[in-house]
1. So the label point goes 7 Å from the Cα of residue 176 along Cα→C-beta, right? Which residues of segment 110-145 then have their backbone N under 20 Å from it?
2. Kindly identify segment 244-360 as rounded, prolate or oblate by the Cα gyration tensor criterion: order the square roots of the eigenvalues as a ≥ b ≥ c, call it rounded if a/c is under 1.5, otherwise compare a/b with b/c, prolate if a/b is larger, else oblate.
3. Efficiency by 1/(1 + (r/R0)^6): what FRET value for residue 313 and residue 217, r their Cβ-Cβ distance, R0 = 30 Å, to the nearest 0.05?
4. Residue separation times 0.36 nm, minus the C-alpha to C-alpha distance between residue 227 and residue 294: what's the value?
5. If each of residue 134 and residue 58 carries a label point 7 Å out from its Cα toward its Cβ, how far apart are those two points in nm?
6. Rg over Rh of the chain, using C-alpha atoms and the Kirkwood radius, what does it come to?
7. Per q in 0.13, 0.16, 0.20, 0.25 Å⁻¹, report the Debye log10 I(q)/I(0) for segment 106-159, using one uniform scatterer on each alpha carbon and no solvent.
8. Between residue 119 and residue 35, what length in nm is gained on full extension when 0.36 nm per residue of separation is reduced by their alpha carbon distance?
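Throughout, read-outs are computed from the coordinates displayed, never taken from laboratory work. Note that this is a predicted model, so its numbers are computed, not measured. For neighbour counting, all protein chains shown are included, and Cβ atoms are generated from backbone atoms with ideal geometry for every residue, glycine included.
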Ligand SMILES: Cc1cc2nc3c(=O)[nH]c(=O)nc-3n(C[C@H](O)[C@H](O)[C@H](O)COP(=O)(O)OP(=O)(O)OC[C@H]3O[C@@H](n4cnc5c(N)ncnc54)[C@H](O)[C@@H]3O)c2cc1C
């Protein structure tokens, strides 16, 4: 069978691109190795699918080529996504810029994309793509058969959360076609920390500020404030996800990575000192007791312990230097980051197909005519908040438009 366009990967970007190409009259085939289209899409936004963000800036994306990202977003940004989704039936619900389907169901987004694919007669074969060769046409070899296409779109995603489909095999396909891959690392992920004191605080959530420092603790390379989650292995939650990419990339370069945590960002250093001093002057209460109502219960013995204060000591007997130490541990605690929580848990992959070898205006390979890259397989990753899916819609639109104009 010969196709105008073969899309490898039926995730967010592949589904959207297939619709755009089919609408332009192309005969389109999607090859997907899971038994369902858009499996990852179903898991997005905690099942609600945060499909874009109205505050769309290039600063919300990491890449080696900011101009590439800016050019792409200039062609199809969040407003275009909302409009397109609306036309397909997804009425938007916006919360502080974060956009979800009105039904708050990721399955709605997956379903309208699938319905649109059916409407425009996109063919789907559930099979694993092993190899791509190019002669006059592309020959895409799968577990079942070989398929011929004039154009191929690689939309295989990265290698995060393999159980949802993307297993890194797209990188091997890109390499076969001569493309360079920037080393993939997990991003939007929890971070493992040195020390055994996290286990007893596991499950605690608190507002905190998280900074990432590289090598010498002098420069904060990334910082975010939000709801920190303490886990048995270290730290997680949105503020950690937002800075995790910098930590992961640095760890991959075998450099030292530290996190600087402010567990009490609502207090200035002076205000917290005043509060602690007042509490430690309470007569007849232990150190543990005076902190009740200020810190989560599970954290009190841990913070007292690392500050050298016995929990059952009378508060008035605790010396001022130890109170200063407690203040330091609450406001400026250095943690050594030893690892990330790994690709299996990561929401996204940083790294991928080198942008230097891709045309920003079309997403076409500069090395192989007719080969396109879209979505997470590219060396671009966004922060949390709908940016990674926007990258999928944007790049799928650009490739779809470019292919639509081809004979
Ligand atoms: C739990 C979770 C929650 C998330 N929440 C959000 C969110 O709310 N908002 C947001 O913007 N982003 C979110 N993301 C990130 C976002 O889902 C991804 O960036 C996006 O889905 C990537 O789309 P893609 O089309 O590039 O790749 P994918 O969605 O990964 O699709 C790639 C497809 O290709 C298939 N495939 C791969 N290799 C082959 C092969 N060799 N042969 C055949 N098929 C192949 C895979 O099975 C898969 O279906 C979340 C991610 C996760 C894991």
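1. Flagged as within label range: 124-145.
2. Details: a/c = 3.40, a/b = 3.06, b/c = 1.11.
Because a/c hits 1.5 or more and a/b exceeds b/c, segment 244-360 counts as prolate.
3. Details: r = 31 Å, r/R0 = 1.05.
So the FRET efficiency works out to roughly 0.45.
4. Working: separation 67, 0.36 × 67 = 24.12 nm, distance 1.62 nm.
22.5 nm is the gain from fully extending residue 227 to residue 294.
5. 2.7 nm
6. Values: Rg = 24.8 Å, Rh = 22.9 Å.
Radius of gyration relative to Kirkwood radius: 1.08.
7. Values returned for q = 0.13, 0.16, 0.20, 0.25 Å⁻¹ are -0.44, -0.65, -0.90, -1.08.
8. Details: separation 84, 0.36 × 84 = 30.24 nm, distance 2.01 nm.
Here the answer is 28.2 nm.
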